[in-house]
Amino acid sequence: MTRPQHRFLAPHVRLGWLLAFATAIALVTLRFGPLAEQTLIAQLFAGCILGGMVLLVVAASGRVAFGLVAGCLPMLLLVIAANIKFRYLSTPVLAPDLVYYFNAEIAKTLLEYPFIIAAIVAALILVPLLLVLLWRNDAKPRPLAGTRRLRALGGVAAVIVLVVTLAPRGPFAQVYAKGMWLAMNDESFVSDFVISIRNTRVNPPPYHRADAARADWRDLAPVGGAPPRKPDIIAVLEESTFDPRMLTGCQSSLCDARMFHADANTIANGWLDVHTWGGGTWTSEFAFITGLPHTLFGPAGLYAPFNLAPRIRFTLPRLLDADGYRTVGIYPTDGDFMNGRDAYADYGFDAFYGGRQLGLGWESTDSDVFKALERVLAIERTKARGKPLFVFVLTLFQHGPHMAPLKDNPAPYDKPLFTGKLAPKDRVLDDWLNLNLTNYLQRLASSDAGMTQLETYLRNDGRPTLLLHFGDHQPSFGGAINELARSVPSTVADSQYVTYYMLKGFNLPLRREHYPVLDIAYLGSLLLDSAGLPRDPFFTANTLLRDRCGGHDLDCSNSTLRNSYRAWVFGRLDDLE
C-alpha cells in the first residue's frame, strides 16, 4: 500500500509555491531595477529590457517559474553588484569593468572586503543551485503544436522588444545620449550598464592622412640656450582644485590663496583648460603625461589607464628618460587604484610609489604628501646617480565630498561663510552650497600652506628645479557647484572645464612664457621649453600647435591646423599603436 503524498508536496501545490517565489523575485527586480532608475525614460528603458529577457527565457524554456527567475536574475545581480560598488567606490558597475577589472590586482584588493567576497561566493553557489531546482520542479511544457507556436511567437516578440529597446538610435536614444561621465556618477544602474557596453572599444580619432601635409610639424625654432645643469622637474596634480575667485561672489580674503599668485620665480601661470569635471583625475593624468585629451578616443577614453596607457607611443616620461632623467610617480592612494601602477609602467616611469608604501591615504593633507615627496627625493637621488629627476605627484586632500560638519573645522571655517548673494539671479547661497564651499576653502588654505612648504624646501635645496602645479578638475559639490555664478575671460571655452596652472623655477635662469589660457595637453611641452630640453617628433608637433593656437587645443579656432595636427600625430607618427 502506497503512502499518501503530503499535501504540501503535491505537484499543484509545489508549482504554486514556485510561481509565488518566482513572482516575488520578479517584483523585487522590478522595484530595485527599472523602478529605481533616476528618470522616467530610463525606467521605461530598463522595464522593456526586463520584460524582454523574461519573455525570451519563458518562451525558450517553456517553464514559467524558471523563466521568471532566470530572466530576472541577470538584472537583479547587476543591481546588487552596482549598489555594492557604488557604496564603496561611488561609481556603478559598467560594462568596461568586466573587461578591465578582472585581474590579479583587483582580486587582491577584494580580499580586503570580506563582505564582497562572501557575496560573490554565495552568488556562485546559490544561483546555479536555484536554477537547477527550478528547472527540475517547474511544470514541463506540453508537447502540443499550439504550445510550440505560442512559444515561438513569444520568442520572436521578445527578440523584437530587445532589439528595438537596445538600438542606440531607437526610441530610447535619449537614454544613450546622457554620456559616459554621467553614467559613471548617477544611480540609474541598469541603463548605466547597458549604455556603457559600446564604450569598451577605443575609437581612434578620425583624420584624413593627406591633412598632415597642410602644415609643417617638424620645424621648431630653438627656444634658447639650455641651462648649464638640467633641472629637476616636480609636477604636482592638485586634486579638485580651482581658483575660487572665479566665483563672482567669492571675493573675500579667504578666497584668495597665495598658490594662485605669480611672483619673482614664476615662469608661466593662468587658466588651465581640462577635459573632465567633478572627477576623472586619471584622465587629467593621461592628458598631462601624453599630451592628448582623453576625449579624442570616444567614451572609452574614460578608461585611459587601462585601454590607452599601453597603446600610446610618445609620453613625457619616455622623452625625459631619453633626455637623461630618472622618472618617478607618486600616488597618495594605493597603487592599484584605477590601474595606476601598471599604467605608470606603460607610460614609461622608472619608479612608482603607492600611498600604502608611503603611509598616505584618503585623509592625507598636501603637507603629508609633500613630506613623503621629500623622502622619495632622497631615495631616488641615490638611485639616479647624478641624473636629474622628474617626479609626478598627486594630492588627495581636496577630493570630494566636501560635507564635513562645519563645527569640526577650525575657525573661521566653522560656520557658513556666505550668507549673502552668490548664486545666479541674485539668489542667496543655500546651506548645502555654504557647507561645500566653506569646506573647500578650509582645505584650500591647507593646500596653500603645503605648497608654501614645498616651495621653501625646493628653494633651500639649492638644486635647479622646475615646479609645476595644476588643478585636475573642478569639484562637483554634489553637482551643486554649477549653481554658482562664474566670471572667466572670454578666451576660456567653458567655465565648467577650467582650473589653474602655475610653473615656477628655483635656482636657475628664468625665461618667462605668456599663456593666459593653456590646455592641459600642453603642460608637458611647456616644461620642456623651460628646462631647455630636446624633444621627440610628437612633442615638437605639440609645441608647434600650442604656439600656433595660442595655448588652445580642442577649441583652437583654426580647424585646418587642428585637423592637420591630428593627421600628423595619428597618421604619420602612429601615436596610437
Do we find that Pro293 is of a type outside the set (A, V, I, L, M), closer than 28 Å to Gly359 by Cα and buried (at least 22 other Cβ atoms within 10 Å of the Cβ) in this structure? no
Elements of type helices (runs of 4 or more DSSP H) in the stretch 154-267, at least 3 residues being at pLDDT 85 or above: 173-176, 189-196
Out of Leu50, Leu9, Leu68, Leu27, sole residue that is modelled with pLDDT of 95 or more, of a type in the set (A, V, I, L, M, F, W, C) and more than 33 Å from the chain's Cα centre (by Cα): Leu27
Answer yes if at least one residue in the stretch 509-521 is more than 27 Å from the chain's Cα centre (by Cα), of a type in the set (A, V, I, L, M, F, W, C), modelled with pLDDT of 95 or more and in a helix (DSSP H, G or I), and no otherwise. no
For Thr147, state whether it is touching a Cys at 6+ places or on another chain (Cβ under 8 Å), in contact (Cβ under 8 Å) with a residue 12 or more places away in the chain and assigned to a helix (DSSP H, G or I). no
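Among the residues of the stretch 128-141, which ones are touching a residue at least 24 places away in the same chain (Cβ under 8 Å) and either surrounded by fewer than 15 Cβ atoms within 10 Å (Cβ to Cβ) or in contact with a Cys (Cβ under 6 Å, 6 or more places away or on another chain) (or both)?
Taking the stretch 128-141 and keeping what is touching a residue at least 24 places away in the same chain (Cβ under 8 Å), we get 130-131, 134-135, 137-141.
Answer for the stretch 128-141, where residues must be touching a residue at least 24 places away in the same chain (Cβ under 8 Å) and either surrounded by fewer than 15 Cβ atoms within 10 Å (Cβ to Cβ) or in contact with a Cys (Cβ under 6 Å, 6 or more places away or on another chain) (or both): Leu131, Lys140.
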Please indicate, with yes or no, whether at least one residue in the stretch 280-293 is of a type in the set (D, E, K, R), at pLDDT 95 or above and in contact with a Leu (Cβ under 7 Å, 6 or more places away or on another chain). yes
Unique match (being in contact with a Cys (Cβ under 8 Å, 6 or more places away or on another chain) and under 22 Å from Gly270 (Cα atoms)) among Leu526, Leu441, Leu518: Leu441
Tell me, yes or no, whether the stretch 200-216 has at least one residue that is under 30 Å from Leu76 (Cβ atoms) and touching a residue at least 40 places away in the same chain (Cβ under 8 Å). yes
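The values are calculated or read from the model by the stated rules, or taken from the named source; none is laboratory data. Treat the numbers as computed from the prediction; the structure is a model and nothing was measured. No Cβ is skipped: glycine too gets one built from the backbone with ideal geometry, and neighbour counts run over all protein chains shown.
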